[in-house]
Number of protein chains: 2
Amino acid sequence: MSNSYANLMQMKKMLGNLDAWLTKGAESAATRGFDPALLLTARLAPDQYTLPRQIQAACDAAKLAAARLSGTEPPKHPDTETTLAELHARIATVTAYLDSFKASDFDGAEGRAVPLGFAPGKVMSGDDYIHEMATANFYFHIVTAYAILRHNGVALGKADYIGGLTWRDA
Amino acid sequence: MSNSYANLMQMKKMLGNLDAWLTKGAESAATRGFDPALLLTARLAPDQYTLPRQIQAACDAAKLAAARLSGTEPPKHPDTETTLAELHARIATVTAYLDSFKASDFDGAEGRAVPLGFAPGKVMSGDDYIHEMATANFYFHIVTAYAILRHNGVALGKADYIGGLTWRDA
């Protein structure tokens, strides 16, 4: 399996974990007696994205990585979500998009020239793009979303963050 | 270059970024007129690690990934740091350790059987370990350290987080 595809499958897994954190957030709000929608106003600093915007950015990071590394046009997903249900749906949409690829769609992706909108006239190699931009940026938004929920008292732990692992017999 | 080695070089880069965030944190404290050491008491939730412990965990995540993927014994780095200077030194120590490897030390690492202390009798493949554990865990602590500084008013932005990118002419 190409490293590009393995990275995207890991992003898909982490988006599934994020979906479960959101569900735990809503349960925590219900238990503590406040409107779960209040979690959607939360952010860690006044000049940083709110929880919904972090989720939208994580979804876009995965979507753009898949499109750029496969050399295809990404679908447009306008950032219109304002409810927990809509955020769950956004995660489901990008998960289905990632599932629409097969491993061979990324054959040679590491050597592909990846242009980025903010740097006209320049490209990154697919391999550099995966490590320096796609993975780093994806985890930025995933971990910040987790941190916002933890900061607001949602009982998440490292096992929720990491999720299941692929074990083999020693 | 193997994907394992490329991942470790990206971790090294992010540790360099983290080092710069710490410096900006100290500068921010000086500008705002409080003791920079107060930042070392900060955490995002009462039951989450403080900033120094996040930094130590990020350093260990990189160190353990290098050791496990090269099939070598990691050095011990006891978590004794209590000052900003000592945290900078910890980052420098693990950076030098990462630099002690060459790309060929990770030949075949993706297929290596990686045991983890908390799962006796089981192993992960090197490839699964990189994506599911090493990278995810490393970014968890790196981004949380960043988030703690941002939450405490240190003026960091996405460019500080991502750092320099490897561009080529289009």
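The values are calculated or read from the model by the stated rules, or taken from the named source; none is laboratory data. Bear in mind the structure is a predicted one, so any value in this text is a computation, not a measurement. Every residue, glycine among them, receives a Cβ derived from its backbone with ideal geometry; neighbour counts consider all protein chains shown.
Assess whether B:Leu156 counts as being part of a loop (DSSP other than H, G, I, E, B) and facing chain A (nearest Cβ under 7 Å). The answer is no for B:Leu156. Entry remark, segment B:123-153: residues being more than 7 Å from chain A (Cβ to nearest Cβ), under 15 Å from A:Ala45 (Cα atoms) and surrounded by 22 or more Cβ atoms within 10 Å (Cβ to Cβ) number 4 in total. In the set (1) more than 15 Å from the chain's Cα centre (by Cα); (2) of a type outside the set (Asp, Glu); (3) within 11 Å of another protein chain (Cβ to nearest Cβ), the condition left unmet by A:Gly163 is number (1). Selection over segment A:94-109 of residues that are surrounded by 15 or more Cβ atoms within 10 Å (Cβ to Cβ), under 15 Å from the mean Cα position of the chain (by Cα) and not aliphatic (A, V, I, L, M) gives a count of 2. Scanning segment A:52-83 for residues that are surrounded by 20 or more Cβ atoms within 10 Å (Cβ to Cβ) and either farther than 19 Å from A:Asp107 by Cβ or in contact with a Cys (Cβ under 6 Å, 6 or more places away or on another chain) (or both) yields a total of 10. Of all the residues in segment B:52-67, those that are in contact with a Leu (Cβ under 8 Å, 6 or more places away or on another chain) and in contact (Cβ under 8 Å) with a residue 60 or more places away in the chain number 4.
Mind listing whichever residues of segment A:122-138 are in contact (Cβ under 8 Å) with a residue 12 or more places away in the chain and under 18 Å from the mean Cα position of the chain (by Cα)? Result: A:Tyr129, A:Ile130, A:Met133, A:Ala134, A:Thr135, A:Asn137, A:Phe138. For segment A:4-33, which residues satisfy the criterion of being closer than 26 Å to B:Ser4 by Cα and not hydrophobic (A, V, I, L, M, F, W, C)? Within segment A:4-33, A:Ser4, A:Tyr5, A:Asn7, A:Gln10, A:Lys12, A:Lys13, A:Gly16, A:Asn17 qualify.
Let's see how each residue does on (1) in contact with a helix residue (DSSP H, G or I) (Cβ under 6 Å, 6 or more places away or on another chain); (2) at pLDDT below 95:
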| site | (1), (2) |
| --- | --- |
| B:Ser2 | yes, yes |
| B:Ala26 | yes, no |
| B:Ala30 | no, no |
| B:Thr41 | no, no |
| B:Leu44 | yes, no |
| B:Gln54 | yes, no |
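Listed residues A:Ala109, A:Ala20, A:Ala42, A:Ala119; which is touching a residue at least 60 places away in the same chain (Cβ under 8 Å) and under 23 Å from B:Thr166 (Cα atoms)?
Values: A:Ala20 fails: under 23 Å from B:Thr166 (Cα atoms); A:Ala42 fails: under 23 Å from B:Thr166 (Cα atoms); A:Ala119 fails: touching a residue at least 60 places away in the same chain (Cβ under 8 Å).
Testing whether each residue is touching a residue at least 60 places away in the same chain (Cβ under 8 Å) and under 23 Å from B:Thr166 (Cα atoms) leaves just A:Ala109.
Within segment A:120-133, the set of residues being of a type in the set (Val, Ile, Thr) and either under 18 Å from A:Leu8 (Cα atoms) or in a helix (DSSP H, G or I) (or both) comprises A:Ile130 only.
Any residue that is of a type in the set (Lys, Arg) and closer than 23 Å to A:Thr135 by Cα - is there at least one of those in segment B:10-25?
Start the filter on segment B:10-25 by keeping residues that are of a type in the set (Lys, Arg), which leaves B:12-13, B:24.
When the remaining residues are screened for being closer than 23 Å to A:Thr135 by Cα, the result is B:12-13.
Within segment B:10-25 (the criterion being of a type in the set (Lys, Arg) and closer than 23 Å to A:Thr135 by Cα), the answer is yes, since at least one residue qualifies.
Annotation note: of B:Gly164, B:Gly153, B:Gly157, B:Gly126, the sole residue that is at positive phi and not hydrophobic (A, V, I, L, M, F, W, C) is B:Gly153. When segment A:17-44 is filtered for residues that are loosely packed, with under 14 Cβ neighbours inside 10 Å and of a type outside the set (A, V, I, L, M, F, W, C), the ones remaining, listed by number, are A:Thr23, A:Glu27, A:Thr31, A:Arg32, A:Gly33, A:Asp35, A:Thr41.
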